Every structure is written in structure tokens, then in C-alpha cells.
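The values are calculated or read from the model by the stated rules, or taken from the named source; none is laboratory data. Every value quoted in this text rests on a predicted model; they were computed, and no experiment measured them. Virtual Cβ from ideal backbone geometry, glycine too; neighbours counted across all protein chains shown.
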Amino acid sequence: MQDYEFWTRSGDPSCDREILHFLYTSGFLHPFPGQYRNDGDIFWNCFHQALEANKKGYDGKRRILSIIAEKFSYNILMEKLKIAQGTIFEAKKYARINGPGCVVIEKPIRKVKRITSKQKQQFDSFFQDKAHVIMSSYKTDAKTGQPVVYLKNTKNLLWEKFKENFPNGIKRTTFYTQLMGRQYIYREDLGGLCSTCSTYGYETFEEIINLIKEKINDVELQDIFSQRCHFLKRYLKKEYEEHLVVTGHGITSHDPCINHCLLYAFGECNTPHTHVCNECQKIFQFFQDLKNNLGLSYHEEIQEYQNRILYYLAHQTRKTYLNA
């Protein structure tokens, strides 16, 4: 600006109107004279043109905007570039993950290591053991076409047993992954397995629990009977069959406990029985105590429940023998 100077000593600016008009039209009365560049405006205009010229997405507008997204506030970027707040947010996120203006970082390819044929054989042999599962005779998995398998224990307990049998086998995560799907089922209503277990087992115990809650007013006594009922249910479902001895060839032998002697159940045992299982005896004691704490009018109903449970007990015995 040293080539252009304006000097005046006049106290009345109207005298210099023509001179001031000339200076205004020449651009000297603006913050940035016409012959001088406004680098800030040029920067924002160029950046706006770059955004308009590129496509949307992570390899277009988002990547370009990420160059300056972390250096300016939302308000400035929205004012200068006329863009939405969401676009700025995605650009800031892009800059933090990939770097300002950098190429998108490629995600590592996840390689799944398949189990070996030996490990698969170990897994299959474990779940073909009838000590761990009950195999459905008619229900199949729609995806694999294999018979549905009902687990006798939780997956955690089965994993502990599997690890003991095959310490060098598949790992825990792979074990659980193999159990995913609808082929291996735990605690499904046994109505899906057979109507006898559902009707005489699960439904009967539920009816007994409801009877206890409705007819016994003493809360403490109610809890005691409910716990005893749950214990009997768990015992008959899981623990009872462990007392029954049947070889892999379907051969059974004499048991000193009359409640566990399959030969006696089939009318083939002539050897005296000198022992009575305390757990099985609790079944009869439970119903007797229930009768003693309820009125005479409920004895017939309780006796019917007892007969159902005994039928369920006989069914469990027969099923254990046939599945051996």
C-alpha cells in the first residue's frame, strides 16, 4: 500500500468526497484490499469445492473432511462448509480411527481353526455316551438331520467331565460352540421327549407345589415342603438312575437295596434284600408328612399324586434299562 497515500488537512470530509469515493471503488476502504488475497476465504472455498466434488462415504467426503475435523469446532465447520452435524461427527470418528486423511485401516482377516477329525471323534464319542445324554428316538435336528440329544447335566458340568476324559481335546470355547444350535438341548420340557415324563413327572410336581402354597399357611413349613419336593424332583430326574446297574450288553445283577434291584422289578430276583435306599424312602415319607399336615379331605388327592410319582419312578427305571 505504500504506492497509495491519502493526506488531508480539511476538517470537512465533504471536500474530499470525490477522493474517498475513488478509494472506495478501488477497494482500499475494505479490510482486505482487492489486490490482496484473503487466504482464509480461499481455504474454505477450496475445501468446500473438494467436498462437493467427491462422493459420500468413508473414501470420499468423510476422508477429506477428516483432515481438519479435529482442528475446528462443529459451529465453524457447519458455517464455513455448509455441512450437517452428523457428517462432522463421522469425519471426527474417521480421523481418530484411521488418522486425518489417511486410508481406511483394513480389518484383519479372522481365520477360524477347524477342529481335527480326532477332536471331532472325541466330541462325538462323549455325547454318544448314555451317561451324559438321552437320545431322542424320533426327534431330529432340522439343520443337521441328526437325532436330538437331551443333556443330563448343565454345559458347565459336561465340560468338566469332557476335560477330564480328554485333557488334550478341544478347548472350552470350541466345546460350547459345538453345542450351539437345536441338536443339543438341556432342560427342555420332557413332553418333547415323551408324554409320560411330562405328565407324571413335571406336571405332577408342579401340582404338588401349588397344593403346598395354597393349603399350607405356615410360611416356614411351606418352604420346607417346597424344598423337599424340589429335591425329590431332582433326585428322580438325575440321581436315581445312577443307582441302577445295567451293563452295556443289557445285563443287570442283584442289588441289596430293593429300590434299585432291577431283577426284583422284573420278578426274577430270589435273593433277600438287606438294605433300603434312604433317598427313595424319602419319597414315601414326603407324602406321609404331607398328609399329616393337611386335612383328611386332601388325602385322596395326595395319594393320587403319590401313585403318579411311583409310575414316573417305574418309567425312569424302564427307560434306564432300555437305554443301557
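From (1) in contact with a Phe, Trp or Tyr (Cβ under 7 Å, 6 or more places away or on another chain); (2) within 30 Å of PHE47 (Cβ to Cβ); (3) surrounded by 12 or more Cβ atoms within 10 Å (Cβ to Cβ), pick out the condition that doesn't hold for PHE72.
(1)
Would you confirm, using the coordinates I've provided, whether CYS46 is part of a helix (DSSP H, G or I) and at pLDDT below 85?
On the way: part of a helix (DSSP H, G or I): yes; at pLDDT below 85: no.
In short, no.
From the list GLY181, GLY201, which one is in the same structural domain as ALA314 (by TED's automatic domain parsing) and at pLDDT below 85? So that I can check it myself, show each step before the final result.
Details: GLY181 fails: in the same structural domain as ALA314 (by TED's automatic domain parsing).
Being in the same structural domain as ALA314 (by TED's automatic domain parsing) and at pLDDT below 85 holds for just one of GLY181, GLY201, which is GLY201.
So how many residues does the stretch 77-97 have that are assigned to a helix (DSSP H, G or I), free of Cβ contacts under 8 Å to residues at least 24 places away in the same chain and loosely packed, with under 13 Cβ neighbours inside 10 Å?
At the first step, the residues of the stretch 77-97 found to be assigned to a helix (DSSP H, G or I) are 77-81, 85-97.
From the residues that got through so far, the ones that are free of Cβ contacts under 8 Å to residues at least 24 places away in the same chain too are 77-79, 85-86, 88-89, 93, 97.
Now drop any that are not loosely packed, with under 13 Cβ neighbours inside 10 Å, which leaves 79, 85-86, 89, 97.
Of the residues in the stretch 77-97, 5 are assigned to a helix (DSSP H, G or I), free of Cβ contacts under 8 Å to residues at least 24 places away in the same chain and loosely packed, with under 13 Cβ neighbours inside 10 Å.
Has the stretch 255-267 got any residue that is β-branched (Val, Ile, Thr) and farther than 18 Å from ILE208 by Cβ?
Within the stretch 255-267, one or more residues are β-branched (Val, Ile, Thr) and farther than 18 Å from ILE208 by Cβ.
Which residue is farthest from THR173 (Cα to Cα), if the candidates are limited to the stretch 102-149 and must be touching a helix residue (DSSP H, G or I) at 6+ places or on another chain (Cβ under 7 Å) and assigned to a helix (DSSP H, G or I)?
Of all residues in the stretch 102-149, those touching a helix residue (DSSP H, G or I) at 6+ places or on another chain (Cβ under 7 Å) come to 104-105, 115, 123, 126, 130, 132, 134, 139.
Narrowing further to those that are assigned to a helix (DSSP H, G or I): 123, 126.
Details: PHE123: 13, PHE126: 17 Å.
Result: PHE126.
Yes or no: ILE170 outside the structural domain of LYS61 (by TED's automatic domain parsing), in contact (Cβ under 8 Å) with a residue 60 or more places away in the chain, touching a helix residue (DSSP H, G or I) at 6+ places or on another chain (Cβ under 8 Å) and of a type in the set (A, V, I, L, M)?
Numbers: outside the structural domain of LYS61 (by TED's automatic domain parsing): yes; in contact (Cβ under 8 Å) with a residue 60 or more places away in the chain: no; touching a helix residue (DSSP H, G or I) at 6+ places or on another chain (Cβ under 8 Å): yes; of a type in the set (A, V, I, L, M): yes.
No.
Could you please find all residues in the stretch 145-188 being more than 22 Å from the chain's Cα centre (by Cα) and among the polar types (S, T, N, Q)?
Result: GLN146, ASN165, ASN168.
Could you tell me whether GLU279 is closer than 26 Å to LYS152 by Cβ, surrounded by 14 or more Cβ atoms within 10 Å (Cβ to Cβ), without any contact (Cβ under 8 Å) to a residue 60 or more places away in the chain and assigned by TED's automatic domain parsing to the domain that holds LYS213?
yes
What residue, of LEU294, LEU236, LEU290, is surrounded by 12 or more Cβ atoms within 10 Å (Cβ to Cβ), touching a residue at least 60 places away in the same chain (Cβ under 8 Å) and in contact with a Gly (Cβ under 8 Å, 6 or more places away or on another chain)?
Just one listed residue meets the conditions, LEU236.
Pairs only if they're at least six apart or on different chains, beta carbon under 7 angstrom, first in the stretch 134-156 and under 12 Å from TYR186 (Cα atoms), second at pLDDT below 80 and of a type in the set (D, E, K, R); list them, first residue then second.
Hits for this filter: ILE134/LYS152; VAL148/LYS139; VAL148/ASP141; TYR150/GLU188; LYS152/LYS238.
Scan (1) under 27 Å from LEU158 (Cα atoms); (2) in contact (Cβ under 8 Å) with a residue 12 or more places away in the chain for the single condition HIS273 breaks and write down its number.
Single failed check for HIS273: (1).
A quick yes/no check of all residues on (1) among the charged types (D, E, K, R); (2) in contact (Cβ under 8 Å) with a residue 60 or more places away in the chain; (3) in the same structural domain as LYS152 (by TED's automatic domain parsing); (4) over 20 Å from CYS197 (Cα atoms):
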| site | (1), (2), (3), (4) |
| --- | --- |
| ILE212 | no, yes, no, yes |
| GLN227 | no, no, no, yes |
| GLU300 | yes, no, no, yes |
| LEU310 | no, no, no, no |
| ALA314 | no, no, no, no |
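Could you list, in sequence order, all residues of the stretch 150-188 that are of a type in the set (A, V, I, L, M, F, W, C) and assigned to a loop (DSSP other than H, G, I, E, B)? Spell out the reasoning first.
Our first condition is that a residue be of a type in the set (A, V, I, L, M, F, W, C); within the stretch 150-188, this holds for 151, 157-159, 162, 166, 170, 175, 179-180, 185.
PHE166, ILE170, LEU179, MET180 - these are the residues of the stretch 150-188 that are of a type in the set (A, V, I, L, M, F, W, C) and assigned to a loop (DSSP other than H, G, I, E, B).
Restricting to the stretch 51-68, name every residue that is assigned to a helix (DSSP H, G or I) and either under 15 Å from ILE88 (Cβ atoms) or not assigned by TED's automatic domain parsing to the domain that holds LYS80 (or both).
If the condition is that a residue be assigned to a helix (DSSP H, G or I) and either under 15 Å from ILE88 (Cβ atoms) or not assigned by TED's automatic domain parsing to the domain that holds LYS80 (or both), then LEU51, LYS61, ARG62, ARG63, ILE64, LEU65 are the ones that fit.
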